[in-house]
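Engineer: Once you've had a glance at the structure underneath, I'll fire off some questions.
The values are calculated or read from the model by the stated rules, or taken from the named source; none is laboratory data. Predicted model, so just to flag it, every value in this text is computed and none were measured. Virtual Cβ from ideal backbone geometry, glycine too; neighbours counted across all protein chains shown. In case anyone asks, the SASA skips ligands and DNA or RNA and just uses the protein heavy atoms, side chains included. Shrake-Rupley method; radii C 1.70, N 1.55, O 1.52, S 1.80 Å.
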Amino acid sequence: MLRLRLLRSFVLLIVVTAPFVVAREPSGSESPAVSTIAFGSCAKESQRQPIWDAVLASDPDLFLFLGDNIYGDTDDMAVLRAKYARLGGVEGYQKLVEQCPVLATWDDHDYGRNDAGVEYEFKVGSQKALLDFFESPADSPRRTRKGVYGRWFFGAEGSGRRVQVILLDSRYHRSPIPKAEKKSRPYFGPYLENTDEGATLLGEAQWEWLADRLREPADLRIVGTSIQAIPNGHRWEKWGNFPAERDRLFQLIRDTEANGVVFLSGDRHHSAISKVPAKGAPESVGYPLFEITSSGLTQAGGGNSAEPNPYGVGEIFKKQNFGLIRIDWESGEVVFEVNDRDGENQLKVTTRVSELVESEL
C-alpha cells in the first residue's frame, strides 16, 4: 500500500512539473490580421484529446478558449494549477500554442466550482491561475481588474480587415440563480430566472467597459461568452437566467451602433448555431445576429435535442466538436462552422461582412 501511495505521488509530481509549451497571450492591443479563428470549450484535462489534430489541420491564426478549459472543480489552487499543467502537457495542445496565439475566458469548472458565481470564495486565486497559465502579460489590465474579461484587435484600423475579440466574464460578478423545486416535464434544465432588482451577470464595471469597447472601430466583432446568449428555451445556465441583463445586452449593441457582432459560446456539451433576424424580434439589432456554440472538445453529448430555440439553424450536434470562423477578406465572405473531432463539417452557415451592418429598424 505504501509503495502504491508513493507511486501515485510520483505520477502527480510528473504531471505538475513536466515542462510544457505555454499559450502566450498577445501583448499590446493590436496584432496582425487573421483569416481563420478556431474556438472551443469543455476540455477535460484527464481525458484523451485527439481533437487537436483536426484543429491543427484547419490552420488557425488564433484559438479562443470559451471556458471549462480544464475541469478544476476545487478550492485548492495547487490542484487547479496541476490540472492546468496537465492540459499544458497534452501533445496536441502543445502544437497548437506553437502554431498560433491562444486567448481564454473561463466558465464554472475552471473558475473553480460547478455553476458558481459571485459567491465563490477563491476567485482571486483562480483568476491568477488562469492568467498565469495563458501567460497574460504582466501589464495586462486583466491582471488588476476583478474578472478575466478582455479585448484584443487583429488587423489595423482602417484596413477593412480589423477583427475585435471581446471575451466576457460571466462568473466573477454573477448573482445567484434560483433552482426549481422539482423537475419539469419535458426536462430542459433546473434553473429559474433571477428577476431581483440589481441582479447582474456581468457587474456594472464590466458593463461600462463593454459599452466603451463596442464603440471602438472594427469590421468584425467576436464576442465570446461562456454561456449562451441567444438560445433561451432551455433552463440550464444562460443569459436568459437574468432577463434584464439579456435585454440590456441586445440594447447595448443597438445603442452603440456596433456593427459586425458575432457571439461565440460553450458550456452546453453540444454545438449549435443560432441566428436572430435583422428585424422583427425582441433581440434584433438591425442586422443578422449569429451565435455559434461549440462544446465540447472532450465533453459532449449533453442537452435535449427537443429544447426550444426559434433562432436555431439546423439541429444541435452532440459529439466532440470545435468551431471555426473563416474570413475571406477579398470577397467579404464569412463562414461559421462546427466540425467534429475528425475535422468533418457538421454545422455551417455563411454570411458576409457587409451584411453585418446596422440597417434601419
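Engineer: How large is ³J(HN,Hα) for each residue in region 258-265, as worked out from phi by the Karplus curve 6.51 cos²θ - 1.76 cosθ + 1.60 (θ = phi - 60°), to whole Hz, x for Gly and Pro?
Structural biologist: Result, rounded to whole Hz: 7, 7, x, 6, 9, 8, 10, 8.
Engineer: Determine the sum of side-chain charges near residue 203: Lys and Arg each +1, Asp and Glu each -1, restricted to other residues whose C-beta is under 9 angstrom from that of residue 203. It would help to have the intermediate numbers written out before the result.
Structural biologist: Details: positive: 146, 174; negative: 169, 204.
Summing Lys and Arg as +1 and Asp and Glu as -1 gives 0.
Engineer: Still on this structure, I have one more. Along its principal axes, what span do the Cα atoms of region 42-107 show, with the longest given first and each in whole Å?
Structural biologist: 37, 21, 17
Engineer: Springs between alpha-carbon atoms under 10 Å, Gaussian network over the chain: tell me which of 181, 283, 119 tops the mean-square fluctuations.
Structural biologist: Among 181, 283, 119, the largest GNM mean-square fluctuation belongs to 181.
Engineer: Net charge near residue 141, counting Lys/Arg +1 and Asp/Glu -1 over other residues with Cβ under 13 Å of its Cβ? Don't skip to the answer; put the middle values down first.
Structural biologist: Details: positive: 142, 143, 145, 146, 151, 213; negative: 25, 139, 169, 212.
Residues near residue 141 contribute +2 overall.
Engineer: Right, next: How compact and how long is region 273-361, expressed as Rg and Dmax of its alpha-carbon atoms in Å?
Structural biologist: 14.4, 42
Engineer: Taking only the Cα atoms of region 207-361, how large is their convex hull per residue, in Å³? Working shown, then result.
Structural biologist: Numbers: hull volume 16.7 nm³, N = 155.
So the per-residue hull volume is 108 Å³.
Engineer: What is the spin-label model distance, in nm, from residue 146 to residue 179 if the labels are put 7 Å beyond Cα along the C-beta direction?
Structural biologist: So the label points at residue 146 and residue 179 sit 2.6 nm apart.
Engineer: Can you work out the FRET efficiency for the pair residue 330 and residue 208, with r the C-beta to C-beta distance and R0 = 51 Å, to the nearest 0.05?
Structural biologist: That gives a FRET efficiency of 0.85.
Engineer: So, for the chain, what is the accessible surface per residue at a probe of 1.4 Å, expressed in square angstrom?
Structural biologist: On the way: 15350 Å² over 361 residues.
Averaged over the residues of the chain, the accessible area is 43 Å².
Engineer: Determine the relative contact order of the chain: mean sequence separation of Cα pairs under 8 Å and six or more apart, normalised by residue count, in whole percent.
Structural biologist: On the way: 847 pairs, mean separation 62.0, N = 361.
The value is 17 percent.
Engineer: In nm, to one decimal, how far is the residue 348 label point from the residue 255 one, both placed 7 Å along Cα→Cβ?
Structural biologist: Result for the modelled spin labels: 4.0 nm.
Engineer: I'd like to compare 87-96, 221-230: which one has the highest average count of other Cβ atoms within 10 Å, and what's the full order after that? Show your work: numbers first, answer last.
Structural biologist: Working: 87-96: 18.1, 221-230: 25.2.
Per-residue Cβ counts within 10 Å, averaged per peptide and sorted highest first, yield 221-230, 87-96.
Engineer: Let me ask something else. Mind checking the angle between helix 2-17 and the chain's longest principal axis? C-alpha axes, 0 to 90 degrees, to the nearest 10.
Structural biologist: It works out to around 40 degrees.
Engineer: Using the Karplus equation 6.51 cos²θ - 1.76 cosθ + 1.60 (θ = phi - 60°), what ³J(HN,Hα) coupling, rounded to whole Hz, does each residue of region 60-75 give in order, writing x for Gly and Pro?
Structural biologist: Ordered by residue, 3J(HN,Hα) equals x, 8, 7, 10, 10, 8, 9, x, 6, 5, 9, 10, x, 6, 7, 9 Hz.
Engineer: Ok, one more. Contact order normalised by length for region 253-361, with contacts defined as Cα pairs under 8 Å and 6 or more residues apart; what percent is it? Write down the numbers at each step before the final one.
Structural biologist: Values: 241 pairs, mean separation 30.3, N = 109.
Computed over region 253-361, the figure is 28 percent.
Engineer: Percent of Cα-Cα pairs per 20 Å bin, from 0 to the last occupied bin, for the chain, please list those.
Structural biologist: Per 20 Å bin, starting at zero, the Cα-Cα P(r) for the chain comes out as 31, 61, 8, 0 percent.
Engineer: While we're looking at this one, here's another question. Can you tell me which lysines have their Cα less than 28 Å from the Cα of residue 146? Leave out same-chain residues fewer than eight positions away.
Structural biologist: 44, 83, 123, 128, 179, 238
Engineer: Next up: Carbon and sulfur together cover what percent of the accessible area of region 269-361 at a 1.4 Å probe radius?
Structural biologist: That share works out to 45 percent.
Engineer: May I pose another question? Any idea what diffusion coefficient region 102-179 gets from Stokes-Einstein, in µm²/s, Kirkwood Rh on alpha carbon pairs, 4 °C, 1.567 mPa s? Don't skip to the answer; put the middle values down first.
Structural biologist: On the way: Rh = 13.7 Å.
Value of D from the Cα-based Kirkwood radius: 94 µm²/s.
Engineer: Using only DSSP helix segments of four residues or longer, with each worth -39500 (n - 2.57), what per-residue ellipticity at 222 nm results for the chain after dividing by its residue count and rounding to 500? Please list the in-between numbers first.
Structural biologist: Details: 8 runs with 83 residues, N = 361.
My calculation for the chain gives -7000 deg cm²/dmol from helical runs alone.
Engineer: With angles folded into 0 to 90 degrees, how steeply does helix 204-214 sit against the dominant principal axis of the chain? Use alpha carbons for both and round to 10.
Structural biologist: Once rounded, one gets 60 degrees.
Engineer: Moving to a separate point now. Using only Cα positions of region 209-264, each an equal point scatterer, no hydration layer, compute I(q)/I(0) via Debye at q = 0.18 Å⁻¹ and quote the log10 values to two decimals.
Structural biologist: Cα-only, vacuum Debye calculation for region 209-264: -0.62.
Engineer: Next question, about the same structure. Need the list of aspartates and glutamates near residue 182 for cross-linking: C-alpha distance under 13 angstrom, and skip anything on the same chain fewer than eight residues off.
Structural biologist: List returned: none.
Engineer: In vacuum, with every alpha carbon of region 172-214 counted as one equal point scatterer, what does the Debye formula give for log10 I(q)/I(0) at q = 0.18, 0.23, 0.26 Å⁻¹? Two decimals, please.
Structural biologist: -0.65, -0.81, -0.90
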